[in-house]
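I have placed the structure first, in the form of structure tokens, so that the comments after it can refer back to it.
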Amino acid sequence: MSAQQQTPALSNLRILDLTRVRSGPTCCRIFADFGADVIKIEAPPGVDPNEGMSGAREGSDMQNLHRNKRSITLNLKTPAGLAVFKKLVAKADVVVENFRPDVKDRLGIAYEDLKAINPRIILASISGFGQSGPYRGRAGFDQIAQGMGGLMGVTGLPGQGPVRAGIAVADTAAGLYTAIGIFIALSERERSGQGQWVSASLLQAQIAMMDFQAAKYLVEKVVPQQAGNDHPYSTPMGVVKTSDGFINIAVGGEGQWKVFCDAIARPDLRDDPDYATQDVRFKNRPALNAVLARIFAARPSAEWLAALETVGVPAGPIYMMNEVFADPQVQHLGMAVDVPKAEGEANGLTLVGQPVDLSRTPSAFTNLLPDAGADNNSVLKDIGFSDDELDALRRDRVI
């Protein structure tokens with residue numbers, strides 16, 4: 001899928017992006033992809049002691065997280081830099097930050113500070129553990145939240161110890177939940193005319209993502225355990241080995257169980273008292289899995305997938321990333337998007353598309369992450385700075 005013209009969906013919004021690593025950039029990327037003017041604010045070279053912690057600027061991760069944004073450099077630790085930032089806030093709709101909670105207080109950019117400048121401003125804060133409480137000051141990272149939020153306790157093969165998810169679940173979820181919170185605040189602002197403070201944390205997001213496992217404990221006081229590649233409560237639902245690899249199967253009810261038994265040429269299993277209902281299948285899952293292992297080992301994956309599709313039983317291949325993007329349905333969905341380096345140049349990179357489609361104002365990828373500070377002149381002139389003032393800010397290493 002080729003790059004498109006910029007979408008007008010969120011073109012009325014200006015977002016000041018103070019974030020780095022993953023959770024905050026994930027949040028801001030949604031607004032950038034749907035046309036908002038997202039201004040990535042970075043420290044000038046040599047100012048930030050953790051400079052480069054997000055990886056190489058030209059690397060795939062940075063480009064994928066920060067596409068469609070403008071970039072300015074600004075030293076918020078200086079009075080002049082703080083003054084510039086406050087002028088930006090006066091014309092902005094949203095500020096997004098994922099510092100430790102005390103940092104914005106020390107810098108003088110907490111919500112009450114920003115509200116005094118612009119009552120309509122929305123401040124969105126993402127932290128590891130929340131803006132208050134005993135863990136407020138702790139550094140938060142995705143895997144820490146995966147462990148504390150319960151995910152690692154249910155992931156992996158039974159008895160083999162906790163296992164992290166292979167993706168940054170807590171980081172990504174926190175970014176998405178924060179974006180939802182911002183959209184809610186923007187909608188409410190249409191009625192009240194007032195901004196507000198939106199906050200989320202990796203820990204909260206991870207617990208929310210536990211969903212039915214968390215609810216099972218809260219309601220039934222049952223502590224979910226590791227189930228490996230099997231579904232926690234339904235059988236047969238999970239990974240089976242074929243003669244040439246592995247596939248996922250998902251038999252979701254009694255009707256599907258009956259046609260599944262026909263598809264694997266074992267109609268005798270349908271009414272077997274050990275497997276006839278979901279409850280007894282779950283109780284006897286080890287024995288049923290052993291039966292299915294012998295059956296599925298006899299034929300290749302493609303044959304099993306075709307047979308199960310014919311009877312309407314959900315099943316699918318288990319891909320490596322190169323296979324994901326070679327799949328015809330993935331190609332049809334446009335999940336790989338070409339982004340040009342600059343206007344008039346050949347395509348620069350292919351990045352991961354947005355997973356939501358809008359019929360009139362779809363997301364659009366118009367530019368890669370620019371060099372740090374590439375938009376200093378255009379952004380700061382827009383809020384009233386002259387060429388001489390910009391030169392002075394550069395001399396003083398404010399920008």
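The values are calculated or read from the model by the stated rules, or taken from the named source; none is laboratory data. Small disclaimer: the values here were computed from a predicted structure and weren't measured. Glycine gets a Cβ as well: all are built from the backbone with ideal geometry, and neighbour counts include every protein chain shown.
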> Applying the selection to segment 285-312, what residues are part of a loop (DSSP other than H, G, I, E, B) and hydrophobic (A, V, I, L, M, F, W, C)?
Replying inline: 297, 298, 311
> Looking at residue 81, is it within 16 Å of residue 199 (Cβ to Cβ), touching a residue at least 40 places away in the same chain (Cβ under 8 Å) and either in a helix (DSSP H, G or I) or in the same structural domain as residue 381 (by TED's automatic domain parsing) (or both)?
Replying inline: no
>> Looking at the structure I just gave you, is residue 363 at negative phi and in a loop (DSSP other than H, G, I, E, B)?
In response: yes
> Mind checking whether some residue in segment 256-263 is surrounded by fewer than 12 Cβ atoms within 10 Å (Cβ to Cβ) and assigned to a helix (DSSP H, G or I)?
Replying inline: no
> From the list 76, 65, 107, 123, which one is buried (at least 16 other Cβ atoms within 10 Å of the Cβ), at pLDDT 95 or above and farther than 28 Å from residue 34 by Cβ?
Replying inline: 107
>> Within segment 102-178, considering only helices (runs of 4 or more DSSP H) that don't extend past its boundaries, which have at least 2 residues that are without any contact (Cβ under 8 Å) to a residue 40 or more places away in the chain and acidic (Asp, Glu)?
In response: 111-117
> Yes or no: residue 375 surrounded by fewer than 18 Cβ atoms within 10 Å (Cβ to Cβ) and within 20 Å of residue 42 (Cβ to Cβ)?
Replying inline: no
>> Return the pair list, or none, for Cβ contacts closer than 9 Å from residues in segment 318-329 that are touching a residue at least 40 places away in the same chain (Cβ under 8 Å) to residues that are in a helix (DSSP H, G or I), at least 6 apart or on different chains.
In response: 318/301
>> Of the conditions (1) without any contact (Cβ under 8 Å) to a residue 12 or more places away in the chain; (2) hydrophobic (A, V, I, L, M, F, W, C); (3) under 28 Å from residue 390 (Cα atoms), residue 183 satisfies every one except a single condition; which number is it?
In response: (3)
>> Anything in segment 250-307 that is among the polar types (S, T, N, Q) and more than 36 Å from the chain's Cα centre (by Cα)? List them, or say none.
In response: 277, 284
>> Going through 334, 312 one at a time, which residue ends up being out of contact with any Gly (no Cβ under 8 Å at 6 or more places or on another chain), touching a residue at least 24 places away in the same chain (Cβ under 8 Å) and on the phi > 0 side of the Ramachandran plot?
In response: 312
> Just checking, how many residues over segment 221-246 are surrounded by 13 or more Cβ atoms within 10 Å (Cβ to Cβ), closer than 14 Å to residue 155 by Cα and hydrophobic (A, V, I, L, M, F, W, C)?
Replying inline: 1
> Does segment 266-284 include one or more residues that are in contact with a strand residue (DSSP E or B) (Cβ under 8 Å, 6 or more places away or on another chain), loosely packed, with under 14 Cβ neighbours inside 10 Å and either free of Cβ contacts under 8 Å to residues at least 12 places away in the same chain or outside any helix (DSSP H, G or I) (or both)?
Replying inline: no
>> I need a count of the residues in segment 344-399 that are farther than 13 Å from residue 67 by Cα, without any contact (Cβ under 8 Å) to a residue 24 or more places away in the chain and among the β-branched types (Val, Ile, Thr).
In response: 1
